[in-house]
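The values are calculated or read from the model by the stated rules, or taken from the named source; none is laboratory data. Quantities reported herein were computed from a predicted structural model and do not represent experimental measurements. Cβ placement follows ideal geometry from the backbone for every residue including glycine, while neighbour counts extend to all protein chains displayed.
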Amino acid sequence: MSSMNIASSAGSARSFIEIDSLEKTFHARGAGARGKGGFKAVDNVSLDIERNSIFGLVGESGCGKTTLSRAVLFLDPPTGGEIRIDGIDMRTLSASRLRTFRKRIQIVFQDPNSSLNPKMSIENSIKEGLNNIKYAAGEPERRAKLDNRVDELLALVGITPGHKTRFPHEFSGGQKQRIVIARALSVEPDFLILDEPVSNLDVSIQAQIINLLLELKEKLSLTYLFISHDLNLVSYLSDKIAVMYKGQIVESGNTERIMAEPVHPYTKKLFSAIPGVTRIDEEQELVFHVDEPGYSEGLPEGYCFYPSELAEGEAQASPQMLEINDGHSVACFEA
């Protein structure tokens, strides 16, 4: 076992996507940015995503995965922390520069029905993105070039270009998700956030979309952040995994290592839900919190998953990421 140290997941070598101590807090209406309290949906999250890799983010519904993805895209700007893409701090970009830069980062949401305008043909939906990046602007025969580009994008995702004048209701759920992917690719991004992209689809269609995404990654040299509550799917696709619970990352690292040796109790709880996989004694109650404050199985001496009882008036500290093996970190407290 390598030397242990408390640190964020950010490494010394520069990664393609660096998310450092990210926070997103929502306040009650009228409370304003300076309002007291508030709900912290994303709490001190740090992730490094290497270029041309697939990084899996897994956790149950409501844990903050989608909020994190929207914060990374600055659709809902974070209230704290940093996001750097190729070393560029997103907070330093003006509104106009952010708009231009955003073409590099796109998102595919869970429900294609909410992503496509029912009153727009598929052709016009895809042309929106092309017009935003001024594709072929000022060039002769621009209209023909736009039409050809739409045909190329549809063919790329397995949709017959001759169907481009149809409207969303004329396509199946799987076809609509393919169209959403084509539209995301229209601005030529190098980073895609995939937020539960197949959870609304039949199992047979899910496999087709997953295979398509893998093909596109290799063909276009894409980097993915794949978000899901399905640990089986995430482990199949991802090079690295982070496990999220109540807005915080509780464990992260190489996929094979985490699948073979999960350490955090919540990760073990997730594993226990996989058919045929037993990570927790069947007689043990499947709860996250452990009664013993010093519970520390899998951690080096001096660290625990849950802090000791606090003295009256003492503030509760937040857990820190402890690297217990090369690239394998877990959230815990110093005893």
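See the values below:
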quantity	calculated
Subset tally (residues that are buried (at least 18 other Cβ atoms within 10 Å of the Cβ) and either at positive phi or part of a helix (DSSP H, G or I) (or both)) for the range 236-250	2
Flag if I193 is touching a helix residue (DSSP H, G or I) at 6+ places or on another chain (Cβ under 9 Å), at pLDDT 95 or above, part of a strand (DSSP E or B) and within 22 Å of A71 (Cα to Cα)	yes
The one condition in (1) assigned to a helix (DSSP H, G or I); (2) modelled with pLDDT of 90 or more; (3) not aliphatic (A, V, I, L, M) that G253 fails to fulfil	(1)
Residues of the range 211-235 classified as modelled with pLDDT of 95 or more, hydrophobic (A, V, I, L, M, F, W, C) and either in a helix (DSSP H, G or I) or farther than 27 Å from E251 by Cα (or both), total	5
Flag for K240 being basic (K, R) and closer than 30 Å to Q320 by Cα	yes
Residue match in the range 118-131 (condition: crowded, with 19+ Cβ neighbours inside 10 Å and part of a strand (DSSP E or B))	no
Pair list, Cβ < 7 Å and 6+ apart or interchain, from the range 39-55 residues that are at negative phi to residues that are of a type in the set (G, A, S) and part of a strand (DSSP E or B)	S46/S21; L47/A242
Those residues of the range 9-28 which are within 22 Å of R91 (Cα to Cα), surrounded by fewer than 18 Cβ atoms within 10 Å (Cβ to Cβ) and at pLDDT below 85, in sequence order	G11, S12, A13, R14, H27
Of residues in the range 81-103 being surrounded by 15 or more Cβ atoms within 10 Å (Cβ to Cβ) and in contact (Cβ under 8 Å) with a residue 40 or more places away in the chain, the one nearest to G129 (Cα to Cα)	K103
Test: residue in the range 230-248 that is touching a helix residue (DSSP H, G or I) at 6+ places or on another chain (Cβ under 7 Å) and basic (K, R)	yes
Boolean, N113 is free of Cβ contacts under 8 Å to residues at least 24 places away in the same chain, surrounded by 13 or more Cβ atoms within 10 Å (Cβ to Cβ) and part of a helix (DSSP H, G or I)	no
Elements of type strands (runs of 3 or more DSSP E) in the range 17-106, at least 1 residues being over 15 Å from the mean Cα position of the chain (by Cα) and over 27 Å from L231 (Cβ atoms)	17-26, 80-85
Whichever residue in the range 220-244 is over 10 Å from V58 (Cβ atoms) and in contact (Cβ under 8 Å) with a residue 60 or more places away in the chain and, among such residues, is farthest from the chain's Cα centre (by Cα)	S221
Qualifying residue in the range 128-145 (condition: in contact with a Phe, Trp or Tyr (Cβ under 9 Å, 6 or more places away or on another chain) and free of Cβ contacts under 8 Å to residues at least 12 places away in the same chain)	yes
Residue list for the range 136-188, restricted to those being out of contact with any Leu (no Cβ under 8 Å at 6 or more places or on another chain), surrounded by 15 or more Cβ atoms within 10 Å (Cβ to Cβ), assigned to a loop (DSSP other than H, G, I, E, B) and of a type in the set (A, V, I, L, M)	I159
Per-region count, the range 29-71, residues among the hydrophobic types (A, V, I, L, M, F, W, C), within 28 Å of S96 (Cα to Cα) and either at pLDDT 95 or above or in contact with a strand residue (DSSP E or B) (Cβ under 6 Å, 6 or more places away or on another chain) (or both)	7
